[in-house]
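A quick write-up on the structure given underneath.
The values are calculated or read from the model by the stated rules, or taken from the named source; none is laboratory data. Being a predicted model, the structure only gives us computed values, none of them experimental. Using ideal geometry, Cβ is built from the backbone for each residue, glycine included, and neighbour counts are taken over all protein chains shown.
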Amino acid sequence: MSFTPNIVGFACQWCTYAGADLAGNLRAKYPPSVKLIKVPCSGRVKPEYVLEAFARGADGVLVGGCHFGDCHYKDGNYKTKNRTDMLSQLLEDMGFDPRRFRQEWISGAEGQKFAQVITEFTEELQELGPNPLGGQE
Amino acid sequence: MAKIGVYVCHCGSNIGGVIDVSDVREYAEGLPDVALARQDLFMCSDSGQELIKQDIRDGKVDRVVVAACTPRTHEPIFRGACEKGGLNKFLFEMANIRDQASWVHGQDPEGATAKAKKVVSSAVGKARNLEPLEEKYVDVTDAAMVIGGGIGGITAALELARMGHKTYLVEKDPSIGGRMAQLDKTFPTNDCSACILTPMMVEAYSHPNIETLCYSEVEDVEGYIGNFKVKIRQKQSYVNWDKCTGCGACAEKCPGKAPDEFNEGLSMRRAAFIMFPQAVPKKAVIDMNACINCAGRTIGSEPKVNAKTGNPILAPCEKACPAEAINRSLMLDPNGTIKEIEVGSIITATGYKVMGKENFKEMAPDSPNVITALQLERLISATGPTGGKLLRPSDHEKPHTLTFVSCMGSRDKNFHTYCSRFCCMYMIKQARLLKEKYPDLVINMHFIDIRTAGKDYDEYYTGARDMGINFFKGKVGGLDMLAGDKLRVNAYDMENGETIEYESDLVILASAVEMSDGTTELAQKMGLQFCGSKFFRELHPKLGPVETAVSGLFLAGCCQGPKDIPDTVSQAKGAAAVAAVPLAQGKVKIDPTISEVVTEKCSGCGICEPLCPYGAITMKKVDGKPRAMIAISSCKGCGVCTSACPSSAIQLHGYMEEQILEQIAALTA
């Protein structure tokens, strides 16, 4: 039996969090792997939070923001991208599989996309197996 | 120690039908700092809210978590309940177990229940670290701005003005009037469009509370509800509007030509032109892209002198103007001028455009006798290029057979999946008007479906059938260009289950309604968002149809989605009513979920300063050392600075570091 990965998702309240709500309105189906932490902007997500989630054993971490040009705060998502690109590289350099970390731009109109992203990410994590750090502090 | 109350909602069967609510409640009872946990069929009902209020009054809880639907709709309701119970409303947190759990994990009730527990635990973790916050109030500028001078914008501006609020009406074209000014008649009453619109245009333009800024575009918007600072670019008209009387003498003499936008390119206008005969204000502009600089009179040049008479040689437009409104010697700035205004609320009513026929390759777009419905509107209008006579563009002959094709680009996965909503009705209107005027015309209309949901609309349609207009259910596969400027229509007739082929003289495409040009840039300036169909997104599809995610910014008309004139006018009046609320109150609340610098921790590195999208951060000297300061009226609470501060000196209230870390801990426990 394949395991259900635990995904911690950081979702900006204007786009990705709204997209996740829309997935609900559309009754789109996806696995109950992801749990969202609502933030005002994806730019509020410190790279340390992602590392913290992995250190505590999260199998996957998602940072969801608005598409470029759609940011409610003009350009917060560009700053997110700078940080997450750096973070992906850092994870790889540390020997941690960067595929466990995803940055996705999902708008408030993309309920189906949210469901699809979570489904695909969950399947990928099932192939990768549990977080090797296994929840050590 | 915190006393957290957890309230788990069944939402009828919406949550309870999938998630084991009792199990989630029992789990919540066992979480640290949870004083009590309750469940209710509908937490948002009066009785549900009363549970929360009573527990607060009884001193049983001092923090509240509701596990229910989404905070995007229900957080204000439960915060209100906390406040009424006597608790600071920011000591509240929501766990989304409906939209993001029961509704999407119906296939896995156990998994959904397990996820709901985690989400509740995360909310409890955050609640443990919540802090009470105080809302502040700021004064409001008692003025509004309406962007777009079509029927929606005019209506909204008039309503605001009648309520006593100073209103700026900003229009990009030289005249207000918008799309409605281009229409001949309006359904379902066949009122002459100009006859009902022009008086409103005049009233708006002359209203003492309305300042109309035509030939102007919004350059920049700063600030927040109650206190927006707007820069408006007044484009260069090259005509002194204070002097221009709208006589049109310049246009008569001007040799420069360009396609007439008002006539949808069916005729040419001059480089110096008045937008249309009923323009308000009736003022001329010179289109420099079409101007040929007669007599070498480029803008800002000295005129040559006639050797015989010694008089300066002027351009025809200058010479023709009896009001001396055109003086090409002046060094006029091609960028126009910037006007700065301050307003408390803004209504966007930027309207729509229709898809051009070039998008539809199978519909013989190269034939001049294939036109859009908006072009037909100009062809049958008394102010149009043919004076209202139906003449086909290729040879100015009267057509005998007319074909209407619906849903061009609408309800089509290759273009737009949405219905453009008013095409069925305007096609029926155009067909009826033409059949009345020319009873011998053969009019064939091809529909996927006929959508006539509106007051007196279906009667209008059945009336059209009785008049002898032919309706075919089924798509038109394509058009072929034939000799004699005719077109062969290849269509399918679903009712008889057969293909049909016939020759037509003029084909009208009811092409899809799309957002106007320039709206992407406008959205970026104002922080507006788009929905899937690329119209502006309203705050809530049912309960907030005129509000947006930006407080103080409202929507009216087709910029929010395709709608006809009655719906646009209704929405514009609604938008005016909500836009007037902050103006009438005189004060607005400032959301306290914004960033603050803990000065003692700030090292003065200045990393945060350039990151702020609103320029809200400045470095100030405190005891001789630089320290970051955040202006509360400019901060919008995105938290970009908070995440970047290497000293963790900036905290974002409502999304504090310890709150988020507790959530991460709860979700990974």
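Of the residues in the stretch B:108-128, at least one is away from every other protein chain (no Cβ under 14 Å) and either among the β-branched types (Val, Ile, Thr) or surrounded by fewer than 24 Cβ atoms within 10 Å (Cβ to Cβ) (or both). Filtering the stretch A:1-8 for residues that are facing chain B (nearest Cβ under 8 Å), over 21 Å from B:GLY532 (Cβ atoms), polar (S, T, N, Q) and in contact with a Gly (Cβ under 7 Å, 6 or more places away or on another chain) leaves a non-empty set.
Here B:ALA161, B:ALA127 are screened, and the one residue that is part of a helix (DSSP H, G or I), under 28 Å from B:THR186 (Cα atoms) and not hydroxyl-bearing (Ser, Thr, Tyr) is B:ALA161. Looking only at the stretch B:378-391, decide whether some residue is farther than 30 Å from B:ARG270 by Cα, part of a loop (DSSP other than H, G, I, E, B) and of a type in the set (S, T, N, Q). Within the stretch B:378-391, not a single residue is farther than 30 Å from B:ARG270 by Cα, part of a loop (DSSP other than H, G, I, E, B) and of a type in the set (S, T, N, Q). Looking at the stretch B:164-203, which of the residues that are buried (at least 24 other Cβ atoms within 10 Å of the Cβ) and part of a helix (DSSP H, G or I) is nearest to the chain's Cα centre (by Cα)? Checked the stretch B:164-203; the qualifying residue nearest to the chain's Cα centre (by Cα) is B:GLY178. Taken as a whole, the stretch B:428-440 holds no residue that is modelled with pLDDT of 95 or more, in contact with a Lys or Arg (Cβ under 9 Å, 6 or more places away or on another chain) and of a type in the set (Gly, Ala, Ser). So for the stretch A:82-103 (the condition being more than 8 Å from chain B (Cβ to nearest Cβ) and in contact with a Cys (Cβ under 9 Å, 6 or more places away or on another chain)), does at least one residue qualify? No - not one qualifying residue is present in the stretch A:82-103. Just one of the listed residues (B:ILE590, B:ILE565, B:ILE594, B:ILE607) is buried (at least 21 other Cβ atoms within 10 Å of the Cβ) and under 30 Å from B:ASP623 (Cβ atoms), and it is B:ILE594. Taking first residues from the stretch A:110-122 that are part of a helix (DSSP H, G or I) and partners that are among the β-branched types (Val, Ile, Thr), the Cβ contacts under 6 Å between residues at least 6 apart in sequence or on separate chains come to A:LYS113/A:ILE106; A:PHE114/A:ILE106; A:ILE118/A:VAL34.
Taking the criterion of being over 26 Å from the mean Cα position of the chain (by Cα) and either in a loop (DSSP other than H, G, I, E, B) or within 27 Å of B:VAL285 (Cα to Cα) (or both), the residues of the stretch B:336-377 that qualify are B:PHE360, B:ALA364, B:PRO365, B:ASP366, B:SER367, B:PRO368, B:ASN369, B:LEU376. Does any residue of the stretch B:471-494 turn out to be at positive phi, under 37 Å from the mean Cα position of the chain (by Cα), buried (at least 16 other Cβ atoms within 10 Å of the Cβ) and within 14 Å of another protein chain (Cβ to nearest Cβ)? Within the stretch B:471-494, not a single residue is at positive phi, under 37 Å from the mean Cα position of the chain (by Cα), buried (at least 16 other Cβ atoms within 10 Å of the Cβ) and within 14 Å of another protein chain (Cβ to nearest Cβ). Residue-level check: of (1) among the hydrophobic types (A, V, I, L, M, F, W, C); (2) without any contact (Cβ under 8 Å) to a residue 24 or more places away in the chain; (3) more than 14 Å from every other protein chain (Cβ to nearest Cβ), B:VAL104 misses just (3).
Condition (residue is touching a residue at least 40 places away in the same chain (Cβ under 8 Å) and either over 30 Å from B:GLU657 (Cβ atoms) or in a helix (DSSP H, G or I) (or both)) applied to the stretch B:587-594: is it met by at least one residue?
Pass one, the stretch B:587-594, residues touching a residue at least 40 places away in the same chain (Cβ under 8 Å): B:587-594.
Filter again for either over 30 Å from B:GLU657 (Cβ atoms) or in a helix (DSSP H, G or I) (or both), leaving B:587.
Yes; the residues of the stretch B:587-594 include at least one that is touching a residue at least 40 places away in the same chain (Cβ under 8 Å) and either over 30 Å from B:GLU657 (Cβ atoms) or in a helix (DSSP H, G or I) (or both).
So that you can scan it fast, the table gives a plain yes or no per residue for (1) surrounded by fewer than 21 Cβ atoms within 10 Å (Cβ to Cβ); (2) more than 14 Å from every other protein chain (Cβ to nearest Cβ):
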| position | (1), (2) |
| --- | --- |
| B:TYR27 | no, yes |
| B:ASP40 | no, yes |
| B:MET43 | no, yes |
| B:SER47 | yes, yes |
| B:GLU50 | yes, yes |
| B:ASP55 | no, yes |
| B:ALA67 | no, no |
| B:PRO71 | no, no |
| B:ILE77 | yes, yes |
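Condition test on B:SER533, is it over 21 Å from B:LYS636 (Cα atoms), buried (at least 21 other Cβ atoms within 10 Å of the Cβ) and either touching a residue at least 40 places away in the same chain (Cβ under 8 Å) or not assigned by TED's automatic domain parsing to the domain that holds B:GLY223 (or both)? The answer is no for B:SER533.
For the stretch A:32-50, residues that are aliphatic (A, V, I, L, M) and either in contact (Cβ under 8 Å) with a residue 40 or more places away in the chain or in a loop (DSSP other than H, G, I, E, B) (or both) total 3.
In summary, B:LYS89 fulfils each of the numbered conditions (1) buried (at least 22 other Cβ atoms within 10 Å of the Cβ); (2) free of Cβ contacts under 8 Å to residues at least 24 places away in the same chain; (3) away from chain A (no Cβ under 14 Å) with the single exception of condition (1). Summed over the stretch B:551-574, residues that are outside any helix (DSSP H, G or I) and either assigned by TED's automatic domain parsing to the domain that holds B:ARG421 or in contact with a strand residue (DSSP E or B) (Cβ under 8 Å, 6 or more places away or on another chain) (or both) total 7. Residues of the stretch B:467-497 that are assigned to a strand (DSSP E or B) and either outside the structural domain of B:MET425 (by TED's automatic domain parsing) or among the small types (Gly, Ala, Ser) (or both): B:GLY477, B:GLY478, B:ALA491. If you go through the stretch A:42-62 and keep only what is acidic (Asp, Glu) and either over 12 Å from the mean Cα position of the chain (by Cα) or at the interface with chain B (Cβ under 9 Å from one of its Cβ atoms) (or both), you end up with A:GLU48, A:GLU52.
Scan the stretch A:63-83 residue by residue and report those that are in a helix (DSSP H, G or I) and either of a type in the set (Lys, Arg) or buried (at least 22 other Cβ atoms within 10 Å of the Cβ) (or both). Reasoning before the result, please.
At the first step, the residues of the stretch A:63-83 found to be in a helix (DSSP H, G or I) are A:76-83.
Passing the criteria: A:GLY76, A:ASN77, A:LYS79, A:THR80, A:LYS81, A:ARG83.
Being in contact with a strand residue (DSSP E or B) (Cβ under 9 Å, 6 or more places away or on another chain) and surrounded by fewer than 18 Cβ atoms within 10 Å (Cβ to Cβ): is that true of B:VAL622 here? It is true that B:VAL622 is in contact with a strand residue (DSSP E or B) (Cβ under 9 Å, 6 or more places away or on another chain) and surrounded by fewer than 18 Cβ atoms within 10 Å (Cβ to Cβ). Tallying residues that are surrounded by 22 or more Cβ atoms within 10 Å (Cβ to Cβ) and outside any strand (DSSP E or B) within the stretch B:506-518 yields 1. Of the numbered conditions (1) part of a strand (DSSP E or B); (2) in contact with a helix residue (DSSP H, G or I) (Cβ under 6 Å, 6 or more places away or on another chain), B:ALA464 fails exactly one; give the number of that condition. The single condition B:ALA464 does not satisfy is (1).
Across the stretch B:630-646, the qualifying residues are those that are farther than 19 Å from B:LEU133 by Cβ and surrounded by 16 or more Cβ atoms within 10 Å (Cβ to Cβ), and the one among them that is farthest from the other protein chains (Cβ to nearest Cβ) is B:CYS645.
Against the test of being in contact (Cβ under 8 Å) with a residue 60 or more places away in the chain and either within 12 Å of chain A (Cβ to nearest Cβ) or surrounded by fewer than 17 Cβ atoms within 10 Å (Cβ to Cβ) (or both), the options B:GLN571, B:GLN659 yield a single qualifying residue, B:GLN659.
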